[in-house]
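Step one of this worksheet: look at the structure below.
Every number here is computed from the coordinates shown, using simple stated rules; none is lab data. Note that the structure is predicted; figures quoted are calculated from it, not measured. When we count neighbours, we look across all protein chains shown, and the Cβ atoms used for this are built from the backbone with ideal geometry, even at glycine.
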Amino acid sequence: MQRVLLVKTSSLGDVVHNLPVVSDVAAAFPGVVIDWVVEEAFAAIPRMHPGIRRVRPVALRRWRRAPWSAAVRSEWRGFTTALRSERYDAVIDTQGLFKSALLAHQAHGPKHGLDWASSREPLRWFYDRTYRVPWGQHAVARNRSLAAQALGYATAPAVDYGLRAPAMAAVWTPPASNYVLLLHATSAERKLWPEAHWRDLGAQLAARGLIAVLPWGSPAELQRSERLAEGIPGAAIPPRLDLDPLATLVTGARAVIGADTGLTHLAGALGVPTAGVYCATDPAATGLYGCARAANLGGIGRPPAPAAVMAALESLWSAR
């Protein structure tokens, strides 16, 4: 096995969940070359894995705004031309959606994907080989199983995300090094942890001499950060940060507490003590998985209490 192309475009958490595949393939085939097709907004994530040779960004989300414009047609031609300039020994679509299957179909090399019973969409005709990957497994396990079947190797019991945060000058430095990131934002209203709980937790952190740092990525999230900061002594709000400086900020944190969002998975994959707070989703399917120092709390209709989150953090710290 000389060259492998992985196709996993989005979202942030899904991209993080695909990182162990890179570690598995690199361990199974020393010297293998691995490229990755990913949405441009998340390209920083696979670039943090030393096993990736080339990231091939795609802009489907942006292109959908004006799919027939001359600019989009030109960008699509440029992407496909660059992709087809390489011949791969295996093209593996771990996304299992029409958009990812279409992208995989553009590449030169045998195409591998999920069979009809294992994916949400009927994609069989896009692939040369398909594989059964049972539902009910965590997303990380499903990704690893598909790649292992496609390339013919056995997965190791341990999960290795392989991330190396970029060494760079911080765009923003917290007021002190003893800080905890509170990732309160998430993609759906139902996944949000109540603001009163965040303020309660922040006050408990402040009582322990820890600074609560409240990142944000949209005007609505900034407003929430500002509301939360009003009730948390000493809280700090950074400027809007891209993924690279965010990853650097994560690695310097004493801990990360996050809602069901991709940044929480990134923190866990980077090995930082991380507590995932779940209110409307099942952490058994998409929670923190295989991380050295992480805890999942709550579940569907069962948001955890701030005291339970604080207790989980204390346990993670004491286990260091």
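What lysines could a cross-link reach from Lys111, if we take a straight Cα to Cα line under 16 Å and drop same-chain neighbours fewer than 8 places away? Those lysines meeting the cut-off are Lys8, Lys99. Residues in the stretch 167-175 carry Karplus couplings, in order, of 8, 8, 5, 5, 5, 9, 10, x, x Hz; the curve used is 6.51 cos²θ - 1.76 cosθ + 1.60 with θ = phi - 60°, and Gly or Pro positions show x. Each Lys and Arg adds +1 at its Cβ and each Asp and Glu adds -1 at its Cβ; summed about the Cα centre, the chain shows a dipole of about 640 debye. Counting charges near Ser119 (Lys, Arg +1; Asp, Glu -1) among other residues having Cβ under 12 Å from its Cβ returns a value of +1.
Between Ala305 and Glu86, the simple spin-label model (points 7 angstrom out along Cα→Cβ) gives 5.2 nm.
Taking amide H atoms as placed 1.01 Å from N in the peptide plane, the amide H of Arg3 lies under 5 Å from those of Val33, Asp89, Ala90, each 5 or more residues away in sequence or on another chain. For the pair Ile237 and Leu102, label points projected 7 Å from Cα toward Cβ lie 3.9 nm apart. Relative contact order, percent, of the chain when contacts are C-alpha pairs under 8 Å separated by at least 6 residues? Relative contact order comes out at 15 percent. Dividing the summed helix terms, -39500 (n - 2.57) for each DSSP H run of n ≥ 4, by the number of residues in the chain produces a 222 nm estimate of -11000 deg cm²/dmol to the nearest 500. Over what distance in Å are the Cα centres of the stretch 1-22 and the stretch 41-69 separated? First find each Cα centre; the distance between them is then 12 Å. For the chain, modelled as a GNM whose springs connect Cα atoms under 10 angstrom apart, the maximal fluctuation among Ala269, Ala43, Ala148 occurs at Ala148. Placing R0 at 41 angstrom, the Cβ-Cβ distance between Ala206 and Ala285 gives a FRET efficiency of 0.75 after rounding to 0.05.
Residues in the stretch 266-274 carry Karplus couplings, in order, of 4, 4, x, 5, 7, x, 7, x, 9 Hz; the curve used is 6.51 cos²θ - 1.76 cosθ + 1.60 with θ = phi - 60°, and Gly or Pro positions show x. Peptides 141-147, 46-52, ordered by how many other C-beta atoms sit within 10 Å of their residues on average, highest first, read 141-147, 46-52. Among Ala82, Val55, Val72, whose Cα projects farthest towards the positive end of the dipole of the stretch 55-100, with charges put on the beta-carbon of Lys, Arg (+1) and Asp, Glu (-1)? Comparing the listed Cα positions along the dipole, Val72 ranks first. Take the Cα of Ser318, step 7 Å toward its Cβ, do the same at Glu230, and the gap between the two points is 3.7 nm.
Relative intensity of the stretch 179-318 on a log10 scale, I(q)/I(0) at q = 0.12, 0.15, 0.16, 0.19 Å⁻¹, equals -0.39, -0.64, -0.74, -1.10, per a Debye sum over C-alpha point scatterers of equal strength in the absence of solvent. Charge dipole (Cα centre; +1 on Lys/Arg Cβ, -1 on Asp/Glu Cβ; no other charges) of the stretch 179-318 amounts to roughly 180 debye. In the set [x] 27, 23, 21; [y] 43, 37, 18; [z] 36, 21, 18, which value of semi-axes √(5λ) of the Cα gyration tensor in Å was calculated from the structure you see? The listed entry that was calculated here is [z]. Listed values for the stretch 129-134 are Karplus-derived 3J(HN,Hα) couplings in whole Hz (6.51 cos²θ - 1.76 cosθ + 1.60, θ = phi - 60°), namely 9, 10, 9, 7, 10, x, and x replaces Gly and Pro. The spacing between the stretch 168-210 and the stretch 251-318, judged by their C-alpha centroids, is 13 Å.
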